[in-house]
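Here is the structure we will look at, set down as structure tokens.
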Amino acid sequence: MKNMLSASSNITYVKRRGVEFVQFPIFKKFEDVLVHCFTTRRGGVSVGECESLNLSFNRNDSRENVMENFKRIASALDIDYRNMVLSSQVHGCRVLAVTKDDRGKGLVRSSDIFGYDGLVTDQSEVALVTFYADCVPLFFFDSKRKAIGLSHSGWRGTVKNIAAETIRVMKEAYGTDPQDIYAAIGPSIGCCCFEVGQEVHDEFINAFSWSRDYCKKDVKGKYFIDLQGIIKKSMIDEGIPEDRICISGVCTKCNNHIFFSHRGDKGRTGSLAAIMQIR
Ligand SMILES: [Zn+2]
């Protein structure tokens with residue numbers, strides 16, 4: 001099995017206690033206060049199309065396997081899986097501020113969180129968890145207020161600008177100044193592979209006229225969209241300093257031996273997770 005990422009990248013590949021995940025160097029200097037990762041397929045117990053670190057209960061996988069996978073990634077990060085709060089995503093752009101009272105929701109107890117593609121908190125020992133299989137994971141850390149956020153930005157979320165919405169909710173809830181935010185744009189389907197129809201292309205142009213610069217048309221007239229690039233520009237427009245934004249540059253479909261990829265695996269795949277917690 002290949003181990004190398006095919007693209008040159010701004011991420012760090014980590015293997016700990018048998019679990020493989022990626023981290024972003026931009027958060028390295030905060031590691032005393034901040035836990036974060038984006039998972040890979042590797043290090044879990046699931047089999048078949050979910051081999052092996054599937055973290056979604058809504059895939060072709062058993063509940064026992066998914067629970068064991070959560071325990072393994074939590075152990076690898078030295079956090080308590082019972083402190084995790086799971087999103088319930090709908091390709092929308094709503095972002096929810098959660099607290100210690102929400103710990104365990106969606107994992108060890110039932111959840112009343114539904115229809116939120118982003119989660120934020122400023123409390124320690126609350127582990128945010130969001131899910132992906134080609135969509136773009138966004139990580140936010142307000143270094144001054146010690147607040148964090150994760151959001152799921154697929155093409156719909158990107159058109160709806162969930163990055164801006166996440167920042168808005170952090171401002172409202174915690175008084176975050178975008179100048180204090182460090183952000184990472186994780187592995188997702190890249191411009192190399194994200195082929196879309198005319199109607200999706202047009203939605204981007206209608207939402208952001210400048211997104212033309214991030215849409216390519218090939219010789220056959222097919223459109224390809226650079227979601228990571230569009231999101232980075234949106235973050236800069238919201239006031240995050242450009243040198244505080246880490247863009248992974250990694251394509252999940254090109255690297256579907258490492259990452260679950262909806263397109264790369266023709267819809268039969270598991271789910272990756274972004275995880276973030278203040279210590
Ligand atoms: Zn690709």
Completion exercise
Taking the stretch 257-274 and keeping only residues that are open to solvent by less than 10 Å² (accessible area, probe 1.4 Å) and either within 16 Å of the ligand (Cβ to nearest atom) or over 15 Å from the mean Cα position of the chain (by Cα) (or both), one is left with I258, F259, F260, S261, T269, L272
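Please count how many residues of the stretch 231-256 are within 19 Å of I162 (Cα to Cα) and either away from the ligand (no atom under 16 Å from the Cβ) or surrounded by fewer than 16 Cβ atoms within 10 Å (Cβ to Cβ) (or both). Spell out how you get there, then give the answer.
Just the residues of the stretch 231-256 that are within 19 Å of I162 (Cα to Cα), to begin with: 231-242, 244-248.
If we keep only those that are either away from the ligand (no atom under 16 Å from the Cβ) or surrounded by fewer than 16 Cβ atoms within 10 Å (Cβ to Cβ) (or both) too, we end up with 231-242, 244-246.
Residues flagged as within 19 Å of I162 (Cα to Cα) and either away from the ligand (no atom under 16 Å from the Cβ) or surrounded by fewer than 16 Cβ atoms within 10 Å (Cβ to Cβ) (or both) within the stretch 231-256 amount to 15.
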Handout entry: Odd one out for G104, checked against (1) on the phi < 0 side of the Ramachandran plot; (2) buried (at least 17 other Cβ atoms within 10 Å of the Cβ)
Key = (1)
Completion exercise
Filtering the stretch 181-202 for residues that are part of a helix (DSSP H, G or I) and surrounded by fewer than 18 Cβ atoms within 10 Å (Cβ to Cβ) leaves a count of 4
Fill in the blank from the handout: In the set S75, S46, the lone residue that is in contact (Cβ under 8 Å) with a residue 40 or more places away in the chain, over 19 Å from F260 (Cβ atoms) and hydroxyl-bearing (S, T, Y) is S75
Exercise for the section: May I ask you to list pairs of residues, at least six apart or on different chains, whose Cβ atoms are under 8 Å apart, with the first in the stretch 115-143 being within 21 Å of S234 (Cα to Cα) and among the basic types (K, R) and the second being buried (at least 24 other Cβ atoms within 10 Å of the Cβ) and at pLDDT below 95? Expected result: none
Practice task
Could you figure out which of (1) hydrophobic (A, V, I, L, M, F, W, C); (2) in a strand (DSSP E or B); (3) buried (at least 20 other Cβ atoms within 10 Å of the Cβ); (4) within 14 Å of the ligand (Cβ to nearest atom) isn't true of F224?
Solution key: (3)
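The values are calculated or read from the model by the stated rules, or taken from the named source; none is laboratory data. All figures in this text were calculated on a predicted structure; none of them were measured in a lab. When we count neighbours, we look across all protein chains shown, and the Cβ atoms used for this are built from the backbone with ideal geometry, even at glycine. Side chains included, ligands, DNA and RNA excluded: accessible areas come from the protein's heavy atoms. Shrake-Rupley method; radii C 1.70, N 1.55, O 1.52, S 1.80 Å.
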